[in-house]
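The values are calculated or read from the model by the stated rules, or taken from the named source; none is laboratory data. Since this is a predicted model, take the numbers as computed values, not measurements. Heads up, the Cβs are rebuilt from the backbone with ideal geometry, glycines too, and the neighbour counts pull from every protein chain shown. The accessibility values were calculated without ligands, DNA or RNA, using every heavy atom of the protein model including side chains. Shrake-Rupley method; radii C 1.70, N 1.55, O 1.52, S 1.80 Å.
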Amino acid sequence: MPLLPPKSTLLNRELSLLKFNERVLAMAESRSTPLLERLRYLCIVSSNLDEFFEIRISSLKEQQRQNSSLVGDDGFTPAEAFERVQLAAHSLVERQNFLLTAQILPKLMAEGIGLLEPPAWTEALREWAHATFLRDVMPMLTPIGLDPAHPFPRVYNKSLNFIVSLAGQDAFGRRASIAIVQAPRALPRVIKVPPEIAGIADGYMLLTALISEYVGELFPGLEVKGCHQWRVTRNSDLFVDEEEITNLRQALQGELSQRNFGAAVRLEIDHLMPVDLASFLQGEFSLEPRDTYRVSGPVNLSRLMQLCNAVERPDLIFPDYRPRVPAPFDEVSDRPDELFAAIAQRDRLLHHPYQSFQPVISFLTAAASDPSVVAIKQTIYRTGEDSELMRLLLAAAKAGKEVTVVVELMARFDEQTNINWAAKLEAVGAHVSYGVVAHKTHAKMVLVLRREEGRIRRYGHLGTGNYHLRTSKLYTDFGLLTADQKLCEDMDKVFSLLTGLGARRPLKMLLQSPFTLHETMVAMIRAEAVNARAGKKARVMAKMNSLLEPIVIDELYKASQAGVKIDLIVRGACALRAGVAGLSENIRVRSIIGRFLEHSRVFYFYNDGQEDVYLASADWMDRNFFRRVEVGFPVLDKSLKKRVIAEAFTYALRDNQLAWRAQPDGSYVKVKSRGAPFNMHHYLMQLLGK
């Protein structure tokens, strides 16, 4: 089956996302990746697929329901797209299953790290397992025998369940047939076995193995003919009627309680489950065989991430990397006056995780403790349940400073965490705003107002990534600490628009969605095309997570046809077809997949030698341009601009170890190593971590 219709100029979003996950899976397949890291990448793909089904597949199903004959920009009807996406997803899951059972688990066992399966249990291990089941597991289980008095139970999204086929009669004379056993979320999915019992240093037992082996204890006097694990994935996209709500927080809390019971979109079952039991489950959830995925190992493979984090084997993971705190923040972190003076002296560029996130923490620490600071304003999209930055904002509010926080309540899968932080902030007197209804606040900004010599001076932090300490160690992002008053005044205007009401005020330096970011990007691409037609050097480079917005893609095609050389580094979904004769022969698309998650958004335009460079919180997607509040900010300092160009583009285009190159049909091939090997992640760790 072809990947795309022959005349389509855009690639299918869902197929492109699955191609991204294939590239992540390739890291798990690579023998050069440390063994526990191979398992980690396998778990990441599993987690990615969960969200893919919860959001993207559920959207495709809804499109089919509404209008199955409408042809999309990718040339497919929803039904055609769904068919191809399901085939690609099944293929990906089959690769996962093979990799887990045929390669990674056997190799881990050879290293003394293993999942102990019942067929290989020793007598001592069997006794331990039985005792553990009776003591810790069985009291938590509630078996449900299906009959007219016991209908099929309500099943949580992605919960672990078992279907048990039975024979015989119970105490009431009822003939047993099928029972359902749900595993409470309080039970650990992976259980450590004492080494003296396991026979290996790091032995583990899956909860699924314990329940499957001893499920008969729940049905005394009956014959257990089979026990098979399964789980169902549900539509998890939240719907809030933005025209009807009067309190977004209350409306969202009501919707969150129903997220775990959305329409079913995927059924995962034990690969040994008989067809009749699989059909029974499909009927209960109104799913078809193509919606059913047979898996080896646990139905929730991402649970095996526990092994990656629990096992103390430095030789089987990436070498430890601790980013250095760059100058001058390595010396001024405890002295607010010196920290603010250093930022006032010139803009400071941070590149995480190669450089520590500590300067951002120090910036907020100084703002919270410095008596000269009178106000702090910050946007929060994702920050985590345990956040030092949020504690600093709470401390600042308690100290009497004016603290304003724009909390995005609709940050997918972080809604409850953000609701909790909002409540805590309000309790200490902070001003909490939820931004603009129907426009997620995705901009990354901190603004500090400090009284200096009788006047207010502004200091700001702008970033491409979230204020999240854990992901700052894993995601590549740029941040800018600045005292440039034009930039900071623009930030203040954006905050005023988010918290208050009023007409849009013109910004001098910042680009903002949904107002100027899209039109400026389009204008800059068109300017490069004009220069190319005039015989001048013309160049566009852009780095982002996703490229999907049709107007921008069309302008890139036109620029390519005008002779503009275009390099795009797109980590994930990319709807643009690269290297098509007569359409995009001057466009190259790369994807970098490695130790760190490429997350920064950087846009470069040669502009007749001026070389304009912007960092942004936004990808080139419809939602980022038109349905979110985003900011793009220029890098003005010449030395910092050179750094961004080199660190975002030069090294990525030189990489021959982590890079994949997009083909015209949307497939990707690994960039071949020509000359000396060059791994951009390793290089930047050495360059910036010294």
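Ignoring ligands and nucleic acids, what accessible area does Lys377 show with a 1.4 Å probe (Å², nearest 10)?
40
For the range 356-481, list log₁₀ I(q)/I(0) at each q in 0.15, 0.20 Å⁻¹, using the Debye formula over Cα point scatterers of equal strength and ignoring solvent, two decimals each.
Log-scaled intensity ratios, in q order: -0.65, -1.17.
May I ask which residue of Leu687, Phe20, Pro319 lies farthest towards the positive end of the charge dipole of the chain, with charges of +1 (Lys, Arg) and -1 (Asp, Glu) on Cβ and the Cα centre as origin?
The listed residue farthest towards the positive side: Leu687.
For the chain, find the longest principal axis of its Cα atoms and tell me its angle to the long axis of helix 123-132, 0 to 90°, nearest 10.
Result, in degrees: 70.
Compute the Cα gyration tensor for the range 112-187, then decide on rounded, prolate or oblate, letting a ≥ b ≥ c be the square roots of its eigenvalues: rounded whenever a/c is under 1.5, prolate when a/b is larger than b/c in the other cases, and oblate in all that remain.
Since a/c reaches 1.5 and a/b is larger than b/c, the shape of the range 112-187 is classed as prolate.
May I ask which residue of Gln512, Leu548, Gly460 lies farthest towards the positive end of the charge dipole of the range 458-548, with charges of +1 (Lys, Arg) and -1 (Asp, Glu) on Cβ and the Cα centre as origin?
Checking the options against the dipole of the range 458-548, the answer is Leu548.
For the range 438-521, rounded, prolate or oblate, judged on the Cα gyration tensor with a ≥ b ≥ c (square roots of eigenvalues), a/c < 1.5 rounded, else prolate if a/b > b/c?
Oblate, since a/c reaches 1.5 and b/c is not below a/b.
In nm, give the distance between the simple-model label positions of Glu288 and Ala646, each being 7 Å from the Cα along the Cα-to-Cβ direction.
With each label point 7 Å from Cα toward Cβ, the separation is 5.6 nm.
I'd like the orientation of helix 550-562 relative to the chain: the angle between its Cα long axis and the longest Cα principal axis, in ° from 0 to 90, rounded to 10.
60
Roughly how many Å² of Lys158 are accessible to a 1.4 Å probe, to the nearest 10?
Counting only protein heavy atoms, Lys158 exposes about 60 Å² to solvent.
Stretched out fully, how many nm does the piece from Asp147 to Leu272 gain, at 0.36 nm a residue minus the Cα gap?
42.5 nm
Might you report the magnitude of the Cβ-based charge dipole of the range 508-627 about its Cα centre, with Lys and Arg at +1 and Asp and Glu at -1, to the nearest 20 debye?
220
Between the DSSP loop rule and a limit of at most 15 other Cβ atoms within 10 Å, which trypsin sites (Lys or Arg not before Pro) in the range 499-577 are left?
Answer in residue order: Arg504, Lys508, Lys536, Lys537.
For the charge dipole of the chain, defined by +1 on Lys and Arg C-beta atoms and -1 on Asp and Glu C-beta atoms about the Cα centroid, which residue among Met205, Ser159, Asn531 has the Cα displaced farthest towards the positive pole?
The listed residue farthest towards the positive side: Asn531.
Using a simple spin-label model with points 7 Å from Cα along the Cα→Cβ vector, what separation in nm is obtained for Ala427 and Asn309?
Roughly 2.5 nm, to one decimal.
Compute the semi-axes of the equivalent ellipsoid of the range 552-690, taking the square root of 5 times each eigenvalue of the Cα gyration tensor, and list them largest first in whole Å.
23, 21, 16
State whether the range 588-656 is rounded, prolate or oblate according to the following rule on the C-alpha gyration tensor (a ≥ b ≥ c being the square roots of its eigenvalues): a/c under 1.5 gives rounded; otherwise a/b larger than b/c gives prolate, and the remaining case gives oblate.
The shape class here is oblate.
Would you list, by chain and number, the aspartates and glutamates whose Cα falls below 18 Å from the Cα of Lys401, excluding same-chain residues fewer than 8 positions away?
Of all the aspartates and glutamates, those that pass the test against Lys401 - Cα under 18 Å, at least 8 places apart if same chain - are Asp337, Asp370, Glu388, Glu426, Glu452, Asp492.
Return the inverse of the average 1/r over all pairs of distinct C-alpha atoms in the range 7-80, which is the Kirkwood hydrodynamic radius, in Å to one decimal.
13.9
Test of the criteria: in the range 289-357, which chymotrypsin sites (Phe, Trp or Tyr not before Pro) are in a DSSP loop and have at most 15 other Cβ atoms within 10 angstrom of their Cβ?
Sparse-neighbourhood loop chymotrypsin sites (Phe, Trp or Tyr not before Pro): Tyr321.
Which three extents, in angstrom, do the Cα atoms of the range 412-470 have along their principal axes, listed largest first?
45, 29, 28
To the nearest 10 Å², what's Asp50's accessible area with a 1.4 Å probe?
Number for this one is 10 Å².
Treating only the Cβ atoms of Lys and Arg (+1) and Asp and Glu (-1) as charged, compute the dipole magnitude of the chain about its Cα centre; round to the nearest 20 debye.
1940
Dipole of the range 82-150, Cα-centred, from +1 at each Lys and Arg C-beta and -1 at each Asp and Glu C-beta, to the nearest 20 debye?
200
From the alpha carbon gyration tensor of the range 295-396, can you work out the equivalent ellipsoid semi-axes (sqrt of 5 times each eigenvalue) and give them in Å, largest to smallest?
Result for the range 295-396: semi-axes of 36, 19, 11 Å.
Between Asn656 and Ala581, what length in nm is gained on full extension when 0.36 nm per residue of separation is reduced by their alpha carbon distance?
Result: 24.5 nm gained on full extension.
Note the per residue figure in Å³ for the convex hull of the C-alpha positions in the range 528-629.
100
Return the calculated 222 nm mean residue ellipticity for the chain, to the nearest 500 deg cm²/dmol, obtained by summing -39500 (n - 2.57) across DSSP H runs with n ≥ 4 and dividing by the residue count.
About -10000 deg cm²/dmol.
Using only the Cα atoms of the chain, what do you get for the radius of gyration and for Dmax, in Å?
My reading of the Cα-based Rg and Dmax gives 27.3, 90 Å.
In the range 450-559, which GluC sites (Glu not before Pro) fall in coil by DSSP and have 11 or fewer other Cβ atoms within 10 Å?
Glu453
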